[in-house]
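Structure first, then comments.
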Amino acid sequence: AADVVAYALRLGDDSLILGQRLSEWCAKSPEMELDIALMNLSLDLFGRARTLLSHAAALENEGRDEDSIAFLRDIGDFRNVLLVEQPNGDFAETIVRQVLFDCFDLPFQEALAASADETLAAVAAKAVKESAYHLRFSANWLIRLGDGTEESHRRAQAALDALAPYAHELFETDALEDRLIKAGVAVDRAALRPRFDERLAAILKEATLTLPGTEWRPTGGRRGEHSEALGFLLAEMQWMQRAYPDSEW
Amino acid sequence: AADVVAYALRLGDDSLILGQRLSEWCAKSPEMELDIALMNLSLDLFGRARTLLSHAAALENEGRDEDSIAFLRDIGDFRNVLLVEQPNGDFAETIVRQVLFDCFDLPFQEALAASADETLAAVAAKAVKESAYHLRFSANWLIRLGDGTEESHRRAQAALDALAPYAHELFETDALEDRLIKAGVAVDRAALRPRFDERLAAILKEATLTLPGTEWRPTGGRRGEHSEALGFLLAEMQWMQRAYPDSEW
Amino acid sequence: MKDALTATDPRETAFEEHVSADGQVEPKDWMPEAYRKTLVRQISQHAHSEIIGMQPEGNWITRAPSLRRKVALIAKVQDEAGHGLYLYSAAETLGASRDDMVDALLEGKAKYSSIFNYPTPTWADIGAIGWLVDGAAITNQVPLCRTSYGPYARAMVRVCKEESFHQRQGYEIMLQLARGTDAQKKMAQEALNRWWWPCLMMFGPPDHDSPNSARSMAWKIKRHSNDELRQRFVDQTVPQAEFLGLSIPDPDLKWNEERGHYDFGTPPWDEFMEVVKGNGPCNRQRLNARRKAHDDGAWVREAALAHAEKRRERAEAASQAA
Amino acid sequence: MKDALTATDPRETAFEEHVSADGQVEPKDWMPEAYRKTLVRQISQHAHSEIIGMQPEGNWITRAPSLRRKVALIAKVQDEAGHGLYLYSAAETLGASRDDMVDALLEGKAKYSSIFNYPTPTWADIGAIGWLVDGAAITNQVPLCRTSYGPYARAMVRVCKEESFHQRQGYEIMLQLARGTDAQKKMAQEALNRWWWPCLMMFGPPDHDSPNSARSMAWKIKRHSNDELRQRFVDQTVPQAEFLGLSIPDPDLKWNEERGHYDFGTPPWDEFMEVVKGNGPCNRQRLNARRKAHDDGAWVREAALAHAEKRRERAEAASQAA
């Protein structure tokens, strides 16, 4: 059960932090329709985060709940991949981050829907449809930006150069996940790589963008080794629970 | 004494919040020399804030200290003017905010140096020299920006248009300050206005900038009615004390 | 109340008869130019209000104190964006273009509800906006569900339904605070103090100072007077505040047995006029934030257009080649 | 070790004799081109390190947990900026231009100390940087106070003095944490775990892998080998960690009575090489932040130049008119 708790925290934190980043766009995006779409993505992700963190809390059975897990841990206890905590940057960076995540997330959720853990399977079954929509949205926008104007192409390529290295961490596995794969609970991330590569290549081709060749593979999120940007995200996100402890909201 | 506590909090909060804003520039300013200069200003202001908030804590004698006052009040208890909490914006906005503050602050500190309250008088006596340097720095930069390139002139004028209305609040007085003026403790802000106007006009003339004609006079800081921007500043500034209560640092 | 010119047009007479018999007007129907203009102004102002209204509440999305509240707040702000788009569409059925309306907003030429020029310094303001601002909006808008212009009336039905939901959420936030710690109670009371008078002024100036009302009433664009609606709001809200254990910041507030209504004090109309003139606490901030989003996003919208154009050209080339 | 070409130059012989007799070299003295180049590279890298080094610590200025710590941290980061400027000036005495050096940094062509490519996720990292990074820097730099090039040696005297102060501050932060709550102790231990090995690698590769050292030693630009300095740092630091009650994350660490030194494990040189190559956790972030500050500030620097030019022209016109 401790393994499943840790696994649910990883998945929950990925959703939580990416949801928080997307929600920062509220009333600031390039079009009102985009405000609505980005909030949709963020709502889906927060929805998953709530179920996953609650699931972890229930299995752990130490008196925590979704809120204490989200709002009362410090940076070193977060288990999300580094990709999702990267700052929004311009709209191109947000879209590239999303395409990288969604290309991974759709096959991941499809596979997780068969998990031996019923809650994980149920979250994933619901997430598959959402993720398919997210990927359609992000891929279409990346194609627009890449194959749009000179400026949008330049920005999209710069965003891809900056963020593509972070995708590797999505496929990392460790002893914990290996155990859970054997138990039929977790998804074999490495096995998803070909589908990710293929899908991403197709999108980038249509977007006239080039995957950067780099050997840099930043990692550490699963061990709590995060970038400095996450600290500021947490200071803002956790403010109320920290300022007014032991209150119900 | 309650009046002096309130007065010291007003002055302390002005210094604290402006110091915090200036410190946000660290390693982000247009020149390394400017990094150093802006940190200098910020250090002077934090220095004053520490003495003033400690003075308030001592007079109040309710177990608070400079840190609990700075880090454990929520937004409605801050008493700074709205000018100092305005976001840094571009360098022109920071410089305009500073010129407006310094044109007021130099004569203010000169007058406060004669306060019947010894601590206030001592802080002010030290501050006079600092403020003279701050004003020289900010005025020279505003002149460079205003009488520099077309772009810098445009940015400086836009910053002035946006921020000039906030200067009025610096000269506001109320029953509390009236009582303290009579007691020889506080400075008669209204009496400083002519010197402020004159000095500012001379700087703007050299900077080829025009004071905007506006009837908008935003106010409320002394009553704890702040702009939304202050909430984010506090979430960041107070993070550690909120996240780790009852700890010594 | 007709002037000589319009009285001569038989279509006008027919229109007025139709409307006064509670008939609905649809986009393709003939309508007086003044009716069209009044509606475009009113609907676009309403749309602008929804869009600007995203900001004071959006201010707390990243800091909402629980995940449940965060999700509800995002969904609410998203609804507001949706209402904005829906209302722009309704205005477009009258021949206005969304781009023009948005430009007028960004240039500071168009109005939006002054209530959104107040800041939300604390989380309790999110509760207060839901409870009071949405409450006042609903009081204003429920009668508009039967307004004479069909697309507007239908938009209002949807908007009101969603806003009732938002209002309940806001009230629930207040209830949680009012039942909470001392700090939470204080936060709730201070938010009520901040929003009470601005909300009463959302109904517009007193009837004797409201010159446009008569014609709008005749056209059934407006169906109750400002003062009637204000009274209705006060009567509904006072018991809710009592249930919360919060005090309404009006020493003159008192139940009037004879009238069967609450008596209440005079709102600070001077302040209201300042806010309307652009001198509220956040007028500049709200417009600047909107402009910044618009300007920063220009390259994205250009990219989308350029890409659509490329696709069109490719499709054309392909069909010619075939 | 002289090759045929330089050996024929009598100035070179005189220079080498002067330096090996611990004589100082001043800007106007003749010096071999290779000596000049080596120094420019070393001093500018040191300057870049100070400038980039502002970022990991600057990261905590706005969030420092007390006003006293905040002020000390700002003053420290300010000192680093000052060191950077001071060192750029020293390099300029050798004919290098600051703009060129800064451009090389921004273009990713110049190196800076790899230690600044690690992040500061917690407040304890600020303590650890002061204690360990500044401690290692001082160990490296104290001998440079007697380096052969005068301006560099004098810069180092000042830098070392200020860094000793910073180191004490850093140690004091750690002490407070180590004497604090469990959460604070944990924070301190984790920071020590993060910074220990990177700090040991600040002294450069093991002597047998350090090809440039011999000539630098002969020129007295370098006065001790990497391994000597590393050992000195370990010997100094272990008792300090013990006093704090923190454990150094090295199972091989052990006092060697015979050697009179601590034995310690092999640092993860593979990781070090990755960071040097640009693949550390923050390499890109650090350079991008520097570039962003530079680019965002371009208009300000242009304005200052334009204004200075205007003043010059006006002064000229005035003096001609007189």
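The values are calculated or read from the model by the stated rules, or taken from the named source; none is laboratory data. Note that the structure is a prediction, hence the values are computed from the model and not measured. With ideal geometry, Cβ positions are generated from the backbone for all residues, glycine too; neighbour counts draw on all protein chains shown. For the accessible areas, the whole protein counts, side chains as well, though only heavy atoms, and no ligand, DNA or RNA atoms are used. Shrake-Rupley method; radii C 1.70, N 1.55, O 1.52, S 1.80 Å.
Of the residues that make up region A:229-242, is at least one touching a Gly at 6+ places or on another chain (Cβ under 8 Å), in contact (Cβ under 8 Å) with a residue 60 or more places away in the chain and buried (at least 20 other Cβ atoms within 10 Å of the Cβ)?
No, region A:229-242 has no match at all.
Given the structure, is D:ALA34 open to solvent by less than 10 Å² (accessible area, probe 1.4 Å) and assigned to a helix (DSSP H, G or I)?
Numbers: open to solvent by less than 10 Å² (accessible area, probe 1.4 Å): no; assigned to a helix (DSSP H, G or I): yes.
No: the conditions fail for D:ALA34.
Among (1) more than 21 Å from B:MET39 (Cα to Cα); (2) open to solvent by 10 Å² or more (accessible area, probe 1.4 Å), there is one condition B:ARG136 misses while meeting the rest; what is its number?
B:ARG136 satisfies every listed condition except (1).
Please give the helices (runs of 4 or more DSSP H) falling wholly within region D:105-188 in which 3 or more residues are open to solvent by 10 Å² or more (accessible area, probe 1.4 Å).
Those helices (runs of 4 or more DSSP H) span D:134-141, D:150-178.
Exactly one condition in (1) away from every other protein chain (no Cβ under 14 Å); (2) touching a residue at least 40 places away in the same chain (Cβ under 8 Å) is false for D:ARG230; which is it?
If we test D:ARG230 against (1) away from every other protein chain (no Cβ under 14 Å); (2) touching a residue at least 40 places away in the same chain (Cβ under 8 Å), just (2) comes out false.
How do the pairs read when you match residues in region C:164-183 that are within 12 Å of chain A (Cβ to nearest Cβ) and more than 15 Å from A:PRO245 (Cα to Cα) with residues anywhere that are aromatic (Phe, Trp, Tyr) and open to solvent by 50 Å² or more (accessible area, probe 1.4 Å), using Cβ under 9 Å and keeping only pairs 6 or more apart or on different chains?
Partner pairs satisfying both residue conditions: C:LEU175/C:PHE243; C:ALA178/C:PHE243.
Among the listed residues B:VAL187, B:VAL128, B:VAL123, identify the single one that is in a loop (DSSP other than H, G, I, E, B), modelled with pLDDT of 95 or more, more than 24 Å from C:CYS282 (Cβ to Cβ) and of a type outside the set (S, T, N, Q).
From the options B:VAL187, B:VAL128, B:VAL123, the qualifying one is B:VAL187.
Could you go through region A:91-100 and let me know if any residue there is modelled with pLDDT of 95 or more and open to solvent by 30 Å² or more (accessible area, probe 1.4 Å).
Yes: one or more hits.
Go through (1) within 26 Å of A:SER23 (Cα to Cα); (2) part of a loop (DSSP other than H, G, I, E, B); (3) not charged (D, E, K, R) for C:LEU94 and report which single condition fails.
All conditions pass for C:LEU94, except number (1).
Might you let me know whether region A:15-27 holds any residue that is β-branched (Val, Ile, Thr), assigned to a helix (DSSP H, G or I) and over 13 Å from A:ARG79 (Cβ atoms)?
The answer is no, given that none of the residues of region A:15-27 is β-branched (Val, Ile, Thr), assigned to a helix (DSSP H, G or I) and over 13 Å from A:ARG79 (Cβ atoms).
Under 9 Å between Cβ atoms, at least 6 apart or on separate chains: pull out the pairs that start in region A:196-221 with a residue that is within 19 Å of A:LEU83 (Cα to Cα) and away from chain D (no Cβ under 14 Å) and end on any residue that is of a type in the set (S, T, N, Q) and surrounded by fewer than 14 Cβ atoms within 10 Å (Cβ to Cβ).
A:LEU204/A:THR210
Of the residues B:ARG64, B:ARG10, B:ARG73, B:ARG79, only one is under 22 Å from B:LEU180 (Cβ atoms) and either touching a Phe, Trp or Tyr at 6+ places or on another chain (Cβ under 8 Å) or in a helix (DSSP H, G or I) (or both); which?
Answer to the selection: B:ARG10.
Can you confirm whether region B:206-221 contains a residue that is open to solvent by less than 40 Å² (accessible area, probe 1.4 Å) and of a type in the set (A, V, I, L, M)?
The first filter runs over region B:206-221 and keeps only residues open to solvent by less than 40 Å² (accessible area, probe 1.4 Å), leaving B:207, B:209, B:212, B:216, B:218, B:220-221.
From what's left, of a type in the set (A, V, I, L, M): B:207, B:209.
Yes, there is a match, as at least one residue in region B:206-221 is open to solvent by less than 40 Å² (accessible area, probe 1.4 Å) and of a type in the set (A, V, I, L, M).
Being charged (D, E, K, R) and either within 10 Å of another protein chain (Cβ to nearest Cβ) or surrounded by 24 or more Cβ atoms within 10 Å (Cβ to Cβ) (or both) narrows it down to one of A:ASP3, A:ASP77, A:ASP67, so name that one.
Only one candidate passes the filter, namely A:ASP67.
Go through the residues of region B:225-237 one by one and say whether even a single one is touching a helix residue (DSSP H, G or I) at 6+ places or on another chain (Cβ under 7 Å) and more than 25 Å from C:ASN288 (Cα to Cα).
yes
Name the residues in region C:196-219 that are part of a loop (DSSP other than H, G, I, E, B) and open to solvent by 40 Å² or more (accessible area, probe 1.4 Å), would you? Steps first, answer last, please.
Step one: of region C:196-219, the residues part of a loop (DSSP other than H, G, I, E, B) are C:204-206, C:210-212, C:219.
Correct list: C:PRO205, C:PRO211, C:ASN212.
What do you reckon, is C:GLU57 buried (at least 24 other Cβ atoms within 10 Å of the Cβ) and acidic (Asp, Glu)? Reasoning before the result, please.
Working: buried (at least 24 other Cβ atoms within 10 Å of the Cβ): yes; acidic (Asp, Glu): yes.
The answer is yes for C:GLU57.
Given the residues C:GLN42, C:GLN78, which is the only one that is part of a helix (DSSP H, G or I) and more than 12 Å from every other protein chain (Cβ to nearest Cβ)? Show your work before the answer.
Numbers: C:GLN78 fails: more than 12 Å from every other protein chain (Cβ to nearest Cβ).
Result of the check over C:GLN42, C:GLN78: C:GLN42.
Taking A:GLY19 and the conditions (1) more than 9 Å from chain C (Cβ to nearest Cβ); (2) open to solvent by less than 30 Å² (accessible area, probe 1.4 Å); (3) closer than 25 Å to D:THR122 by Cα, which numbered condition does it fall short on, given that it satisfies the others?
Against the list (1) more than 9 Å from chain C (Cβ to nearest Cβ); (2) open to solvent by less than 30 Å² (accessible area, probe 1.4 Å); (3) closer than 25 Å to D:THR122 by Cα, A:GLY19 comes up short only on (1).
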